[in-house]
Amino acid sequence: MTVGNNAVLIERRYRRMKIVIVGSSGRLGSALMREYKEKFGVVGFSHAQLDLAKPEQLRDKLSSLDFDVLINAAAFTNVDLCEKERDQAFRINAEAPRLLAEICRDKKAKLIHFSTDYVFDGEKREPYVETDPARPISVYGESKRAGEENVLAVPIGKQTASPTVIRVSWVFGPDRPSFIDAMIKRARDEERIDAVADKFSTPTYTSDIARMLTQFFDVDVPGGILHFANSGECSWQGYAQHALDCCRAFGVPLKATTVGSSKLADMQKWIARRPVYSVLSTAKYAKLTGAIPRSWRDAVADYIERSYSKK
């Protein structure tokens, strides 16, 4: 089946579809819950309700449920802490996804698993495509890459949907503070702020992820790895500067209006290495769906207008 401009048709066709969202209180999971709660039968599990580090808990709580799609939006995402807690990172980011894939296989349900641009080493200087070799340079990246491999390696039957692994980057949204919110907060409180100018990727809005994802619920849609991000690329400095420019345009009061430049090498408190360039190509997504994600600038402006202009 070819996905395309059929998200509305899929929603109508599967209005009674039962969806489980793991990580429902996180930045992405909360957006998915909000987007789908009126459209599908949704059950969400927060970290407090379902600990991915405890396989027996996963089996007990999920095996007894009846569902058509399971979305794993949970992960151990503290990049520096992963360096100190390697075993925990692999339990949550690598071993748990394999178990989720096995549970979905047994239920003939679709698994959608979220991964990250940090599976790449950042040595490339053009957007990464899905077939580029993954060479993570941090424990976080290693554990997430292992999770991808584990999910895709689980044998499936003829009537079972192939898992879909969706890599995203620099995720932001209204439910949990992210880089953009930290920079706006600093700009409200401080006269001078700066951000790293030599690290590049693409911001990705949780609302855009939630809206596009329904196209991949259908069991006939081929699985595998897929990149999704808003269009374009930027540095953290450029990202922050655009956010402040949007705040000014929407009348959000700030003390700082210009973002100064710092270097990745200046981040002495960071433990883990970060990829310098991890822009994700969405050419495959565009080919599959016939749609191009809106620009990161437009997505950020939309977010700031909705989240800050009336506060």
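Evaluating Ala210 against the criteria (1) open to solvent by 30 Å² or more (accessible area, probe 1.4 Å); (2) hydrophobic (A, V, I, L, M, F, W, C); (3) in contact (Cβ under 8 Å) with a residue 12 or more places away in the chain leaves one unmet condition, (1). For Phe217, the requirement of being open to solvent by less than 10 Å² (accessible area, probe 1.4 Å) and of a type outside the set (Lys, Arg) is met.
What single numbered condition from (1) under 15 Å from the mean Cα position of the chain (by Cα); (2) in a loop (DSSP other than H, G, I, E, B); (3) more than 22 Å from Leu213 (Cα to Cα) fails to hold for Tyr140? If we test Tyr140 against (1) under 15 Å from the mean Cα position of the chain (by Cα); (2) in a loop (DSSP other than H, G, I, E, B); (3) more than 22 Å from Leu213 (Cα to Cα), just (2) comes out false.
Looking for whichever is modelled with pLDDT under 95 and either within 30 Å of Ala153 (Cβ to Cβ) or among the polar types (S, T, N, Q) (or both) here; the options are Gln241, Gln268. Which one fits? Break it down stepwise before answering.
On the way: Gln241 fails: modelled with pLDDT under 95.
Criteria check complete, one pass: Gln268.
Give the residues of the range 93-102 that are open to solvent by 10 Å² or more (accessible area, probe 1.4 Å) and closer than 26 Å to Asn78 by Cβ, sorted by residue number. Within the range 93-102, Glu95, Arg98, Leu99 qualify. Can you tell me which residue is most open to solvent (accessible area, probe 1.4 Å) among those in the range 269-311 that are aliphatic (A, V, I, L, M) and in contact with an Asp or Glu (Cβ under 8 Å, 6 or more places away or on another chain)? Only one residue fits best here, namely Ile271.
Specify which of the listed residues (Ile112, Ile92, Ile156) is under 16 Å from the mean Cα position of the chain (by Cα), of a type in the set (A, V, I, L, M, F, W, C) and farther than 30 Å from Ala301 by Cα.
Values: Ile112 fails: farther than 30 Å from Ala301 by Cα; Ile156 fails: under 16 Å from the mean Cα position of the chain (by Cα).
Sole residue among the options that is under 16 Å from the mean Cα position of the chain (by Cα), of a type in the set (A, V, I, L, M, F, W, C) and farther than 30 Å from Ala301 by Cα: Ile92.
Considering the range 68-91 alone, what residues qualify as being surrounded by fewer than 24 Cβ atoms within 10 Å (Cβ to Cβ) and either of a type in the set (A, V, I, L, M) or closer than 22 Å to Gly223 by Cα (or both)? Working first, answer last.
Quick first cut of the range 68-91, residues surrounded by fewer than 24 Cβ atoms within 10 Å (Cβ to Cβ) only: 68, 76-81, 83-88, 90-91.
Scanning the range 68-91 gives Asp68, Val79, Leu81.
Within the range 166-180, being closer than 15 Å to Tyr239 by Cα and either open to solvent by less than 10 Å² (accessible area, probe 1.4 Å) or part of a strand (DSSP E or B) (or both) holds for Ser169, Val171, Phe172, Gly173, Ile180. Residues in the range 185-209 that are touching a Leu at 6+ places or on another chain (Cβ under 7 Å) and not in a strand (DSSP E or B): Ala187, Arg188, Asp198, Lys199, Thr202, Thr206, Ile209. Scanning the range 135-165 for residues that are within 22 Å of Phe90 (Cα to Cα), open to solvent by 30 Å² or more (accessible area, probe 1.4 Å) and out of contact with any Pro (no Cβ under 7 Å at 6 or more places or on another chain) turns up Arg135, Pro136, Glu149, Ala153, Pro155.
Here Arg145 meets each of (1) in contact (Cβ under 8 Å) with a residue 12 or more places away in the chain; (2) part of a loop (DSSP other than H, G, I, E, B); (3) touching a Phe, Trp or Tyr at 6+ places or on another chain (Cβ under 9 Å) with one exception, condition (2). With respect to Ala109, is the statement that it is in contact with an Asp or Glu (Cβ under 7 Å, 6 or more places away or on another chain), over 20 Å from Thr206 (Cβ atoms), touching a residue at least 40 places away in the same chain (Cβ under 8 Å) and open to solvent by less than 10 Å² (accessible area, probe 1.4 Å) true? Yes, satisfied. Here is the figure for the range 282-304: residues that are outside any helix (DSSP H, G or I) and under 25 Å from Pro174 (Cα atoms) total 6. Residue count for the range 20-43, restricted to those that are part of a strand (DSSP E or B), at pLDDT 95 or above, under 26 Å from Thr289 (Cβ atoms) and in contact with a Lys or Arg (Cβ under 9 Å, 6 or more places away or on another chain): 1.
The set of residues from the range 232-268 being in a loop (DSSP other than H, G, I, E, B), open to solvent by 50 Å² or more (accessible area, probe 1.4 Å) and more than 30 Å from Pro222 (Cβ to Cβ) comprises Phe250, Gly251, Pro253, Lys255, Thr257, Thr258, Lys263, Met267, Gln268.
The values are calculated or read from the model by the stated rules, or taken from the named source; none is laboratory data. None of the values given here were measured: they were computed from a predicted structure. Using ideal geometry, Cβ is built from the backbone for each residue, glycine included, and neighbour counts are taken over all protein chains shown. Surface accessibility is based on the protein's heavy atoms, side chains included, excluding ligands, DNA and RNA. Shrake-Rupley method; radii C 1.70, N 1.55, O 1.52, S 1.80 Å.
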